[in-house]
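Novice: The structure that follows is given in the form of structure tokens.
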Amino acid sequence: MKTIAITGVLGYSGRYIAREAAKQGWRVIGLTNSAGRLPNAEGWELRPMPWSTQEEVLSDVDVLVNTYWVRFSYAGGRHAAFSHEEAVRNTKTLFSAAQRAGVRRIIHTSITCPDAASPLPYFRGKAELETALEATGIPHSILRPAVLFGDSPQESILINNMAWSLRHLPAVATFGQGKYQLQPLHVQDFAEAALREAGQEEQHRIIHATGTETYSFRALWKLLAEAMGIRRLILPVPAGIGYAATTVLGYFMNDIMLTRDEISGLCENRLAVPGSGIGIRPLSRWVRQHADTLGRTYESELARRR
């Protein structure tokens, strides 16, 4: 039996990948720093992340799947601090541990449109890590998703909280005209893609892990509103005003709804790529299936990091 190690096995995409791997007959090892903090209902074998231990945690691993990253930098306060810079350092440590251990293949989660020259640390950091992975010489696949949605609305923070806004606010907004696009992918489609890549032999593969449906931001608001039977004004506002509004709302929700950099990434159209994508579970069908429960509660990104 081959062994696969998966970061974030107690979290979101890592949990789906672990379930799919077990179904396909892999021995699953979970790499996490959340043992004891997050439930391990499936009873995965857990090991600490290599940057928090001196153990050689990958010594018996054939394939490593990396989902580790942070959505934004956070200086701390009510929750532990984290940053893009720290995530880059930690991921390079993970790659080095895989290199020392002789891991046969790495499946790495990147982002649509990584860019080493970008002023946005999310996209710049992802580009830096793609280059670092290439330098290890380990055969690998790079998956480039944009927005993931899961089996339940509660797992799908961006889309659920857009629905929450439709339910609770008198109007919603786009940053500018809202013509920039998104290609949401179901996380199970993402998990299945990761396991397909685990069995590949090519030295270097890049997979645009996007959904088959492409939405402008304005069209995504409309899709949600129509499915939920809600009528709301969709107002185009300058990005700065939109950021201020989400910051104020996030303060009352004890969360960071969107950062200035995330709004810039949206407006630069970095969450879509040409092509039809890999998903077989379309967002439009999922939204109709969950219309009654979407947005009933607000889902906090920071609360998940307590």
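The values are calculated or read from the model by the stated rules, or taken from the named source; none is laboratory data. All values derive from a computational prediction rather than experimental measurement. Quick reminder, even Gly has a Cβ in these numbers, built from the backbone with ideal geometry, and neighbours come from all protein chains shown.
Novice: Quick one: which residue in R218, R167, R231, R205 is without any contact (Cβ under 8 Å) to a residue 40 or more places away in the chain and surrounded by fewer than 20 Cβ atoms within 10 Å (Cβ to Cβ)?
Specialist: Step by step, each of R218, R167, R231, R205 is checked, and only R231 is without any contact (Cβ under 8 Å) to a residue 40 or more places away in the chain and surrounded by fewer than 20 Cβ atoms within 10 Å (Cβ to Cβ).
Novice: Related question: Could you run through the stretch 168-201 and say how many residues are farther than 30 Å from G137 by Cα and in a helix (DSSP H, G or I)?
Specialist: 1
Novice: I want to confirm something. Restricting to the stretch 273-306 and keeping residues that are closer than 18 Å to A209 by Cα and β-branched (V, I, T), which single residue is surrounded by the fewest Cβ atoms within 10 Å (Cβ to Cβ)?
Specialist: In this case the residue turns out to be I280.
Novice: Quick check: is even one residue across the stretch 67-89 buried (at least 20 other Cβ atoms within 10 Å of the Cβ) and over 24 Å from R260 (Cα atoms)?
Specialist: No, the stretch 67-89 has no match at all.
Novice: Could you list, in sequence order, all residues of the stretch 116-139 that are in a loop (DSSP other than H, G, I, E, B) and over 17 Å from the mean Cα position of the chain (by Cα)?
Specialist: Result: A116, A117, S118, P119, G137, I138, P139.
Novice: Does T247 satisfy the condition of being hydroxyl-bearing (S, T, Y), without any contact (Cβ under 8 Å) to a residue 12 or more places away in the chain and under 22 Å from R167 (Cβ atoms)?
Specialist: So T247 passes the test.
Novice: Tell me, which residue of the stretch 212-236 that is in contact with a Ser or Thr (Cβ under 9 Å, 6 or more places away or on another chain) and of a type in the set (G, A, S) is farthest from T293 (Cα to Cα)?
Specialist: Of everything passing the filter in the stretch 212-236, S216 is farthest from T293 (Cα to Cα).
Novice: Considering only residues that are of a type in the set (V, I, T) and assigned to a loop (DSSP other than H, G, I, E, B), which ones fall in the stretch 41-76?
Specialist: Residues satisfying the conditions are T53, V57, V61, T67, V70.
Novice: Let me ask another. As an exercise: evaluate S13 against (1) crowded, with 22+ Cβ neighbours inside 10 Å; (2) at pLDDT below 95 and give the number of the one condition it does not meet.
Specialist: Unmet for S13, out of (1) crowded, with 22+ Cβ neighbours inside 10 Å; (2) at pLDDT below 95: (2).
Novice: Within the stretch 244-271, can you find the residues that are part of a loop (DSSP other than H, G, I, E, B), modelled with pLDDT of 95 or more and in contact with a strand residue (DSSP E or B) (Cβ under 8 Å, 6 or more places away or on another chain)?
Specialist: Across the stretch 244-271, the qualifying residues are N269, L271.
Residue-by-condition table, conditions (1) under 21 Å from R144 (Cβ atoms); (2) free of Cβ contacts under 8 Å to residues at least 60 places away in the same chain; (3) not hydroxyl-bearing (S, T, Y):
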| residue | (1), (2), (3) |
| --- | --- |
| G8 | yes, no, yes |
| Q24 | no, no, yes |
| I29 | no, yes, yes |
| L38 | no, yes, yes |
| A41 | no, yes, yes |
| W44 | no, yes, yes |
| P50 | no, yes, yes |
| Q54 | no, yes, yes |
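Novice: If I ask for residues that are crowded, with 19+ Cβ neighbours inside 10 Å and of a type outside the set (S, T, Y), which ones from the stretch 139-157 would you list?
Specialist: Of everything in the stretch 139-157, those that are crowded, with 19+ Cβ neighbours inside 10 Å and of a type outside the set (S, T, Y) turn out to be H140, I142, L143, R144, P145, A146, V147, L148, F149, G150, P153, I157.
Novice: Any residue that is of a type in the set (K, R), over 16 Å from the mean Cα position of the chain (by Cα) and part of a loop (DSSP other than H, G, I, E, B) - is there at least one of those in the stretch 140-158?
Specialist: The answer is no; no qualifying residue exists.
Novice: Next question, about the same structure. Being among the hydrophobic types (A, V, I, L, M, F, W, C), assigned to a helix (DSSP H, G or I) and surrounded by 15 or more Cβ atoms within 10 Å (Cβ to Cβ) is the filter here, so list the residues in the stretch 16-40 that pass it.
Specialist: Selection gives I17, A18, A21.
Novice: Same structure again: Take the conditions assigned by TED's automatic domain parsing to the domain that holds Q289, buried (at least 20 other Cβ atoms within 10 Å of the Cβ) and more than 30 Å from A22 (Cα to Cα) and apply them to L224. Does it pass?
Specialist: Yes; evaluated as a whole, the condition is true for this residue.
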